[in-house]
Every structure is written in structure tokens, then in C-alpha cells.
Amino acid sequence: MSTESDSDVPWSSIPSAPRLVRLSVPYAQPLWTYVILALNVAVFAASSLIGRGLAFALGAKVNQAIVAGQFWRLGTALFLHADLLHLGFNGYALWIFGPQVEKPYGRLRFLLVYFISGLAASAFSFLFTPAVAVGASGAIFGLIGATGAYLYRYRHRLLMGRRRLGNLIGIVAYNLLYGFFSPWVDNAAHIGGLLTGLVLGWFLSPRYEVAAVDPTRPLQVVDRVSLKQWLLGILLVSLGIALVLSGGFIRWGGLR
């Protein structure tokens, strides 16, 4: 039996250590976050000039007006705010959570999450809350839900992904608990927006793959989410919104 020393082993036969390559996920530059924020400020200024009472009479979520056919209130209520403090809280939340959705999801998916979640929030408020309601918080809870879906999907791959997810759950729990004890908070709208954002966020979430997009360039991370997944998520939440609205019409006398 013969043995050979390390010096006799050809270097070419020794496997090399794996090389780690850091790749960046595709991000969009936020735009619509700031456009919507500016619109909220502009609408608040305009409503202050004409009188917030008149603005609420024209666009707030008023159940009997919706029953009478004024469906636009489900959307216009998202841009109205009761006072400067209300606008400030919602504006700050949009400033924080808007880019967290618009960057990874992209501009179009951000708009879908924001406005569909806002409509769902108005629908939940219509069904469960008899009071007049205004504000963007339901749509913002939709952004929080989409952020949670994204962080959960990539909790093991993102830097401090699980920690960020835990912090987000704490924020949601605190706000919902506060809402249950505050008569001025429309918790039904918050829950409706949050659930819708979670569902949309899951189906619209980026599906990352490493691919050679251009043979002359290094490997890149690309988003392979399909249009079929988009449409399925939108269909599911649309059916949910329709059911909630139907319940609201039954409760408030719109259907006999």
C-alpha cells in the first residue's frame, strides 16, 4: 500500500471554496406615494377653504347616501381628513409605509394595493360602522398588510427579515387594540384594509429568480410573478368587497 502526501495531490483536483456573489433585488423609485400624499394635502387645503362640513357632505362615507346610490363616496372618503392632526398622522404613515410597498412591488402594484385596500376599508366601514367616516388609514393598513406579506415570504432571505416582520406585527396589534378602545377610530375600516392588503400583497408579491438576462452581463435577480397571479388576487378581493357591500345594503335597507 502506498500513500501520497498533500504535496503530491494535484492542485487542480482540490475543489475550490464556493464564491459568494451579492445580488440586488429590483426596486422601483417611489413616485405615487408622494403624489397621493400631495393630493391628500391639496384636498385638505381645498376642503378648509370651502368648509369641511360641505366637503364631508359631498364625499365622506355616509351609509344612507351610499345606499341611495352615491357609490363614489367609497373612494372620495380616502382623500378627506377630519383635521390637521388626522392628516398629519395618516400622512406620516403613508410616508413611512408607502415606499416599503412601492419599491419592491413597483408603481402599478402599489396603486392596486392602495386603492383596492382603500375601497375594501370603506366597504367594511359601510357594513359595520353607522358613523360618517373619512381618512386614508384604511388604505394605509392595506400597505401594511402588503408589507407583511412580502416580509413573510422573504423572512429568511431579507436582512433582519424576521425581526422586521415581528416589529410590523407589533405595530398592527397596538393600533388595532387602540382602535377597539377609541370611539373615534374606525377599526372596521382598518381591519378591512389590512386583510385586503395581506391577500393582494401575497398574490402580487415579487417572485424573485436569478437569471442570465443578458449573456454579456452578470447574473441578475428578476421578478417572475405572472399576470395570472395578479388577476387571481384581484378577483378574490373583488368578490370579498362585493359580499361586504351586499351585506351593507342588506343591513342599511338598500335591498328589500
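The values are calculated or read from the model by the stated rules, or taken from the named source; none is laboratory data. Predicted, not measured: the structure shown is a model, and the values here were computed from it. No Cβ is skipped: glycine too gets one built from the backbone with ideal geometry, and neighbour counts run over all protein chains shown.
Counting only residues that are under 12 Å from I116 (Cα atoms) and either free of Cβ contacts under 8 Å to residues at least 40 places away in the same chain or outside any helix (DSSP H, G or I) (or both), how many does region 165-198 have?
To start, the set of residues in region 165-198 that are under 12 Å from I116 (Cα atoms) comprises 192-198.
Subsequent filtering for residues that are either free of Cβ contacts under 8 Å to residues at least 40 places away in the same chain or outside any helix (DSSP H, G or I) (or both) retains none.
Residues that pass the stated criteria total 0.
Where in region 66-136 are the helices (runs of 4 or more DSSP H), entirely inside, with at least 2 residues that are aliphatic (A, V, I, L, M) and without any contact (Cβ under 8 Å) to a residue 60 or more places away in the chain?
Numbers: elements: 73-76, 84-105, 107-128.
In region 66-136, the matching helices (runs of 4 or more DSSP H) lie at 84-105.
Does at least one position in region 206-228 carry a residue that is touching a strand residue (DSSP E or B) at 6+ places or on another chain (Cβ under 7 Å), over 24 Å from A65 (Cβ atoms) and of a type in the set (S, T, N, Q)? Spell out how you get there, then give the answer.
So the first thing to find is which residues in region 206-228 are touching a strand residue (DSSP E or B) at 6+ places or on another chain (Cβ under 7 Å), and the list is 206-211, 213, 219-224.
Okay, now just the ones that are also over 24 Å from A65 (Cβ atoms), so 206-211, 213, 219-224.
The next check asks that each one be of a type in the set (S, T, N, Q); those that pass are 220.
Yes: region 206-228 contains one or more residues that are touching a strand residue (DSSP E or B) at 6+ places or on another chain (Cβ under 7 Å), over 24 Å from A65 (Cβ atoms) and of a type in the set (S, T, N, Q).
Of the residues A139, A188, A146, only one is over 24 Å from G106 (Cβ atoms) and within 19 Å of the chain's Cα centre (by Cα); which? Let's see the steps before the verdict.
Numbers: A139 fails: over 24 Å from G106 (Cβ atoms); A146 fails: over 24 Å from G106 (Cβ atoms).
Only one candidate passes the filter, namely A188.
Given the structure, is R162 modelled with pLDDT under 95, more than 18 Å from the chain's Cα centre (by Cα), among the basic types (K, R) and part of a helix (DSSP H, G or I)? Spell out how you get there, then give the answer.
Values: modelled with pLDDT under 95: yes; more than 18 Å from the chain's Cα centre (by Cα): yes; among the basic types (K, R): yes; part of a helix (DSSP H, G or I): yes.
Criteria met by R162.
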